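Structure first, commentary second.
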Amino acid sequence: MTLAEPLKNSDLFVTSFVERLRELTKQEDAFVPLHEPTFKGEEWPLVKDCLVSGWVSSRGEHVDRFEAELAKRCGTTHCVAVVNGTAALHTAMIISGIKPGDEVILPTLTFVATANAVCHAGAIPHFVDSSTETLGLDPVSLKVHPNQIAKRKNGVTVNNATGQRIVAIVPVQFFGHPVDMDGLLKVADEFGLSVIEDAAEALGSLYKDKQCGSMGRLGVLSFNGNKIITTGGGGAILTNDPDLAKRAKHLTTTAKVPHKWASIHDEVGYNYRLPNIKAALGCAQLGQLDGFLTSKRHLAKRYFDGFAKISGLSVFQEPKFAKSNYWLNAVILDADHAEYRDALLQAANNAGFMCRPCCSLMRRLPMFRECPQSDLPVAEAIESRLINIPSSANLAASP
Ligand SMILES: *Cc1c(COP(=O)(O)O)cnc(C)c1O
């Protein structure tokens, strides 16, 4: 290339995207991760307390405290802490009465764990489309689908094509953005479906005035290392139903029957409980959640305003009815700029800005290819045009 040769428009677009990232993250040379945890609370003293007392494992006061504080924060009466979000989803599937061979409706646009958990329970994922407004399930298109493919008989919804029961729906609050829950709950009610809310990414997000994770019969959170708060790995089940909470606790603690000294187990259970040392980390992290939320809204606003100066893309904004935790910010390319996605990803990652494409649609993955599904045009468009950009809470605080 000679210096006199003018830059092509596509090159300019890619260059200005990376320049803008540098400017908005205020990071000159360092590697900027997609999402890194912040430990500026009581982590050290609380973890030390576990080590000093010896209560690191399956019992201890931090588990009880973490569960109580999470329930309070999310506005549910009960919370059961477990080893990770996938285990929380798996447990929720079982206790909501999903049986092997049943179909469970979920968005094709989600992290793989949502679909994996359906399979762990022996059920069959049934993929539906998403909305550009929320990036999650759209009640309007969802209502059309079961009407077209299923029959309602004696209170049971049966898929005409497969002959299997459709029993539950899993709305995913994708990247922390709440979906239209009122609309979805209505559709669920109409078809007799249990609602398990996958709020793994959405701790602290509000739908109208309700906390994400609190709106289904069961809700699920994750505290994986990349989520808004972390225990290194962890999850929780939320519910307002005391019987479901009791059942969740029992099943996730090897179905051990309470007894002073005897070791009795009354069904095939799971060793899914969250260890005390991780719950200690969780308590310390939860104490910083409000600060993380403020930082993340600040960063999202900075991205929104900053990227508005580039034509051909926009930064995704929370739906009108929601207050999002902005767990992961996303840039969405205009349809006529979708072809540049990989060039932007390449350039940003080469420059040290960890950017990622959207998760692949579940139905493209080899293990889910044969699963029942609706038409998925919106999810396909989002997949081809979305890029997640660095979103750690500490970026907002950069000078
Ligand atoms: C992270 C995540 C999960 C699973 O959580 P883990 O703690 O990683 O097992 C489930 N669903 C969604 C949407 C997630 O982002």
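Which order, highest average first, do 111-120, 74-83 follow once you tally other Cβ atoms within 10 Å for each residue and take the mean per peptide? Before the final figure, lay out each step's value.
On the way: 111-120: 21.0, 74-83: 22.6.
Output ranking for 111-120, 74-83: 74-83, 111-120.
Using a 1.4 Å probe over the heavy atoms of the protein chains, calculate the carbon and sulfur portion of the accessible area of the stretch 137-213 as a whole percent.
Details: 1530 of 2990 Å².
In the stretch 137-213, the share of accessible area belonging to carbon and sulfur is 51 percent.
Using the Cα centre as the reference, give the magnitude of the dipole from point charges on the C-beta atoms of the stretch 318-382 (Lys, Arg: +1; Asp, Glu: -1; all else neutral), rounded to the nearest 20 debye.
Numbers: 7 positive and 8 negative charges, 65 e Å.
Around 320 debye, computed over the stretch 318-382.
Taking amide H positions as placed 1.01 Å from N in the peptide plane, with prolines and chain starts having none, which residues 5 or more places from GLU103, or on another chain, fall under 5 Å of its amide H?
Amide H neighbours of GLU103, under 5 Å, 5+ apart: ILE124, ARG165, ILE166, VAL167.
Can you show me the helix-derived [θ] at 222 nm for the chain, built from DSSP H runs with n ≥ 4 at -39,500 (n - 2.57) apiece and divided by the number of residues, rounded to the nearest 500. Can you show the working numbers first?
Values: 12 runs with 143 residues, N = 399.
So the helix-based figure for the chain works out to -11000 deg cm²/dmol.
At 0.36 nm per residue, and after removing the present C-alpha to C-alpha distance, how many nm does the segment from ALA262 to THR294 gain when stretched out fully?
Working: separation 32, 0.36 × 32 = 11.52 nm, distance 4.87 nm.
Taking ALA262 through THR294 to full extension adds about 6.6 nm, to one decimal.
Please compute the Kirkwood hydrodynamic radius over the stretch 274-399, one decimal place, Å, based on all pairs of different Cα atoms.
Kirkwood radius, the stretch 274-399: 16.9 Å.
Apply the Karplus curve 6.51 cos²θ - 1.76 cosθ + 1.60, θ = phi - 60°, to the phi angles in the stretch 276-287 and return the couplings in whole Hz, x for Gly and Pro.
With coefficients 6.51, -1.76 and 1.60, one gets 4, 5, 6, 5, 4, 4, x, 4, 5, 5, 4, x Hz.
So, for the stretch 226-287, what is the accessible surface per residue at a probe of 1.4 Å, expressed in square angstrom?
Details: 2850 Å² over 62 residues.
For the stretch 226-287, the per-residue accessible area is 46 Å².
In sequence order, what are the phi-derived ³J(HN,Hα) couplings for the stretch 77-88 according to the Karplus relation 6.51 cos²θ - 1.76 cosθ + 1.60 with θ = phi - 60°, rounded to whole Hz, with x for glycine and proline?
So the Karplus estimates, Gly and Pro as x, are 7, 9, 8, 10, 7, 9, 5, 6, x, 5, 5, 5 Hz.
Remind me, what semi-axes does the stretch 327-370 give for its equivalent ellipsoid, largest first in whole Å, using sqrt of 5 times each Cα gyration tensor eigenvalue?
Working: eigenvalues 108, 39, 25 Å².
For the stretch 327-370, the semi-axes come out at 23, 14, 11 Å.
Rg(Cα) of the chain divided by 2.2 N^0.38 Å? Provide the component values of the computation, followed by the final result.
Working: Rg = 22.1 Å, N = 399, 2.2 N^0.38 = 21.4 Å.
That ratio works out to 1.03.
Given the alpha-carbon gyration tensor of the stretch 187-310, what are the semi-axes of its equivalent ellipsoid in whole angstrom, ordered largest first, with each equal to the square root of 5 times an eigenvalue?
Those come to 34, 21, 11 Å.
Counting C-alpha atoms alone, how compact is the stretch 151-247: give Rg to one decimal and Dmax as a whole number, in angstrom.
Values for the stretch 151-247 (Cα only, Rg and Dmax): 15.0, 45 Å.
Using R₀ = 30 Å, calculate the FRET efficiency as 1/(1 + (r/R₀)^6) where r is the Cβ-Cβ separation of ASN226 and SER16; round to 0.05. Let's see the in-between values first.
Numbers: r = 28 Å, r/R0 = 0.92.
Once rounded, the FRET efficiency stands at 0.60.
Given points 7 Å out from each Cα along the Cα-Cβ axis, report the VAL144 to VAL52 separation in nanometres with one decimal.
Label at VAL144, label at VAL52, 6.2 nm between them.
Nearest 10 degrees is fine. How inclined is helix 341-350 to the longest principal axis of the chain, computing both from alpha carbons?
Tilt relative to the chain: about 90 degrees.
Against the empirical 2.2 N^0.38 Å scaling, what ratio does the C-alpha Rg of the stretch 357-399 come to?
Numbers: Rg = 15.6 Å, N = 43, 2.2 N^0.38 = 9.2 Å.
Compared with the compact-globule rule of thumb, the stretch 357-399 sits at 1.70.
For the stretch 1-105, what D do you get in µm² per second when you plug the Kirkwood radius from alpha-carbon pairs into Stokes-Einstein at 10 °C and 1.306 mPa s? Spell out each step's value before the answer.
On the way: Rh = 19.8 Å.
D = 80 µm²/s.
How big is D, in µm² s⁻¹, for the stretch 254-317 by Stokes-Einstein at 4 °C and 1.567 mPa s if Rh is the Kirkwood radius over C-alpha pairs?
Working: Rh = 16.5 Å.
Reported coefficient: 79 µm²/s.
I'd like the distance separating the alpha-carbon centroids of the stretch 216-262 and the stretch 151-196, in whole Å.
With the stretch 216-262 and the stretch 151-196 each reduced to a Cα centre, they are spaced 23 Å.
The values are calculated or read from the model by the stated rules, or taken from the named source; none is laboratory data. Bear in mind that the values here come from a model prediction, so they are computed numbers and not experimental data. Cβ atoms come from the backbone with ideal geometry, glycine included; neighbour counts cover every protein chain shown. Ligands, DNA and RNA are stripped out before the accessible areas are found, and what is left, the full protein with its side chains, is counted by its heavy atoms. Shrake-Rupley method; radii C 1.70, N 1.55, O 1.52, S 1.80 Å.
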